[in-house]
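A.B. asks: Before I ask anything, here is the structure I am working with.
The values are calculated or read from the model by the stated rules, or taken from the named source; none is laboratory data. Just so you know, these numbers come straight off a predicted model, no measurement behind them. Here the Cβ positions follow ideal geometry from the backbone for every residue, glycine too, while neighbour counts run over all protein chains shown. Side chains are part of the model used for accessible areas, which takes the heavy atoms of the whole protein and leaves out ligands, DNA and RNA. Shrake-Rupley method; radii C 1.70, N 1.55, O 1.52, S 1.80 Å.
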Amino acid sequence: MSANRFLIEGLGGKKTLKGSIPVFGEKNTALPLMAAASLIQGESKFTNVPHIADVASMGRLLEGLGAFVTHTGTELTISAKDLTGTVLNQDLAKSMRASVLLTGPILARRGAVTFPHPGGCVLGSRPIDIFVTGFQKLGATISEENEEFYTLSAPNGLSGGEIFFRAVSVTATETFLIAATLAKAPVTLRNAAMEPGIVATAEFLQSCGAHIEGAGTPTIVIHPSTLTASSAAFPVVPDRIEAGSFLILGALAGEKITVTGVNPKHMDALLESFATMGVPISIAGDSITVSAPEKLLPIEIRTHEYPGFPTDLQAPMAVLLTQAEGESVIFETIFDGRLNYTAELVRMGADIKVWNPHRAEIKGSKSLKARDIDGPDIRAGLAFILAAAIADGTSHVGNAHLVDRGYESIEKRLQAVGLSISRN
Ligand code: EPU
């Protein structure tokens, strides 16, 4: 078994990485697509599906409910004809917040679903009140057992209605988008999230016969429909967070790095920040080429729901800001525990002051020194790999299993552009 940490030889400020890095399918699109497939009484096929731990966990959750799942090459097949279970496997559901995506389709299809409070990355409090209120609006009742398990029931099916989300939530939007296709009357979702994964999930459901209007806008209307399996395989959109992380590596240490298989239209927030910071890029079709500039300018980053600056790129961006000359500011507006990782960057030599759970100031540029650090979640783990890549000396980045939840063969892809990274 390979070690649960990465060994990275830092470049010590040299900007020598070159070559191309392919981007794979987006984790946060593959997961809702898999949840949507649980509604279909036949076989669903997806292409460009990454081999990452979260996709495997979602597959095992579906298998636990009676579905058949195969993942060969980049093609994932889900046959949910015999899906009869109503209880989500506790360990799997607790290991991944996205397990909550299955509550909607299982409730809509089976009339009941039992699940533990979903776990996942420690990013601060991650309540499920928006889900519970929404299901109640559609006529479901909820009961709680030992504060451990929730059971939602709607034995006669979900009713129609309007749900206004008090906060914009990606997985809640997806959960209700999927579940509402089986409701007895139209469902309107207001203040909905607009991430590419939501549009893709709607398009997949439409390919199976769903009537959905407005996906990709704050108001989505889902009309009752009969779903049948589509014969065409549905492609997962490129992972914009993965693409962004690789572009940031290029801005830090690239002589010239080309990130391939990207949808540049999904990258506006990061590319706009690059323009302000003086990072040169060029776009050709689905490739973006980036080089590290002589001098990086400071910037203010405010995380926001799509199409704003993604919270999932906030930690990688913070590493870039340690190299900008002057004072940068990060406002993390989505989560209240997503600046904790900065303490490790400070140990590496960064000058970062966290004023409160939502605001950090970064003064640069500071050379980073190699350290042994443990990534606390998927995205901060990747950020630590970037920090170690530019540091002076050899670092260990622990909790590789968290990085594996979101990035397939990360070390192989980074080796290909000249970074010395292995598992050790
Ligand atoms: N929220 C509530 N109540 C709820 C649901 C959400 O208060 O019932 C709050 C959250 O606490 C947060 C805000 O609403 O403050 C937005 O959270 P959201 O529900 O949008 O997050 P999520 O759906 O759980 C998805 C991604 C995350 C990404 C966020 C924000 C998936 C599977 N996960 O999470 O991705 O950070 O949206 O864009 O799509 C990751 O991939 O590493 C990751 C954490």
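For (1) within 16 Å of the ligand (Cβ to nearest atom); (2) touching an Asp or Glu at 6+ places or on another chain (Cβ under 9 Å); (3) among the hydrophobic types (A, V, I, L, M, F, W, C), each residue gets a yes or a no:
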{"residue": "108", "(1), (2), (3)": "no, no, yes"}
{"residue": "127", "(1), (2), (3)": "yes, no, no"}
{"residue": "158", "(1), (2), (3)": "no, no, yes"}
{"residue": "163", "(1), (2), (3)": "yes, no, yes"}
{"residue": "178", "(1), (2), (3)": "yes, no, yes"}
{"residue": "201", "(1), (2), (3)": "yes, yes, no"}
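A.B. asks: Specify which of the listed residues (384, 331) is within 16 Å of the ligand (Cβ to nearest atom) and farther than 21 Å from residue 304 by Cα. Full working, then the answer.
C.D. replies: Working: 331 fails: farther than 21 Å from residue 304 by Cα.
Just one listed residue meets the conditions, 384.
Residues checked against (1) over 18 Å from residue 405 (Cβ atoms); (2) open to solvent by 10 Å² or more (accessible area, probe 1.4 Å); (3) modelled with pLDDT of 95 or more:
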| position | (1), (2), (3) |
| --- | --- |
| 34 | no, no, yes |
| 61 | no, no, yes |
| 65 | yes, no, yes |
| 80 | yes, no, yes |
| 91 | no, yes, no |
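A.B. asks: Would you list the strands (runs of 3 or more DSSP E) that sit entirely within the range 213-321 and hold 3 or more residues that are closer than 30 Å to residue 165 by Cβ? If you could, list the steps in order and put the result at the bottom.
C.D. replies: On the way: elements: 219-223, 254-260, 281-284, 287-290, 300-302.
Result: 219-223, 300-302.
A.B. asks: For the range 301-347, which residues satisfy the criterion of being surrounded by fewer than 24 Cβ atoms within 10 Å (Cβ to Cβ), farther than 22 Å from residue 271 by Cβ, over 22 Å from the mean Cα position of the chain (by Cα) and of a type outside the set (Gly, Ala, Ser)?
C.D. replies: Answer for the range 301-347, where residues must be surrounded by fewer than 24 Cβ atoms within 10 Å (Cβ to Cβ), farther than 22 Å from residue 271 by Cβ, over 22 Å from the mean Cα position of the chain (by Cα) and of a type outside the set (Gly, Ala, Ser): 327, 344, 346, 347.
A.B. asks: So which residues in the range 359-395 are open to solvent by 10 Å² or more (accessible area, probe 1.4 Å), hydrophobic (A, V, I, L, M, F, W, C) and within 14 Å of residue 252 (Cβ to Cβ), if there are any at all?
C.D. replies: 390
A.B. asks: Please count how many residues of the range 214-236 are in contact (Cβ under 8 Å) with a residue 40 or more places away in the chain, within 20 Å of the chain's Cα centre (by Cα) and closer than 16 Å to residue 186 by Cβ.
C.D. replies: Qualifying residue count, the range 214-236: 0.
A.B. asks: If residue 232 passes every condition in (1) surrounded by 15 or more Cβ atoms within 10 Å (Cβ to Cβ); (2) in contact with a Lys or Arg (Cβ under 9 Å, 6 or more places away or on another chain) but one, which one does it miss?
C.D. replies: Exception for residue 232: condition (1).
A.B. asks: Out of all the residues in the range 399-424, which are more than 16 Å from the ligand (Cβ to nearest atom), open to solvent by 10 Å² or more (accessible area, probe 1.4 Å) and either under 27 Å from residue 96 (Cα atoms) or among the small types (Gly, Ala, Ser) (or both)?
C.D. replies: If the condition is that a residue be more than 16 Å from the ligand (Cβ to nearest atom), open to solvent by 10 Å² or more (accessible area, probe 1.4 Å) and either under 27 Å from residue 96 (Cα atoms) or among the small types (Gly, Ala, Ser) (or both), then 409, 411, 412, 413, 416, 418, 420, 422, 423, 424 are the ones that fit.
A.B. asks: If I filter the range 236-250 for residues that are more than 14 Å from the ligand (Cβ to nearest atom) and farther than 14 Å from residue 21 by Cα, do I get at least one hit?
C.D. replies: Going through the range 236-250, the residues more than 14 Å from the ligand (Cβ to nearest atom) turn out to be 238, 246-250.
Narrowing the set further to residues that are farther than 14 Å from residue 21 by Cα leaves none.
The answer is no, given that none of the residues of the range 236-250 is more than 14 Å from the ligand (Cβ to nearest atom) and farther than 14 Å from residue 21 by Cα.
A.B. asks: In addition: Of (1) over 28 Å from residue 4 (Cβ atoms); (2) touching a Pro at 6+ places or on another chain (Cβ under 7 Å), residue 358 satisfies all except one. Which?
C.D. replies: Result: residue 358 fails condition (2) only.
A.B. asks: Residues to consider are 181, 188, 219; find the one that is open to solvent by 40 Å² or more (accessible area, probe 1.4 Å) and hydroxyl-bearing (Ser, Thr, Tyr). Don't jump to the end; show me each part of the working.
C.D. replies: Details: 181 fails: open to solvent by 40 Å² or more (accessible area, probe 1.4 Å); 188 fails: open to solvent by 40 Å² or more (accessible area, probe 1.4 Å).
Within the list 181, 188, 219, the selection yields 219.
A.B. asks: Further question: Being within 16 Å of the ligand (Cβ to nearest atom) and in contact with a strand residue (DSSP E or B) (Cβ under 9 Å, 6 or more places away or on another chain): is that true of residue 92 here?
C.D. replies: Working: within 16 Å of the ligand (Cβ to nearest atom): yes; in contact with a strand residue (DSSP E or B) (Cβ under 9 Å, 6 or more places away or on another chain): no.
No.
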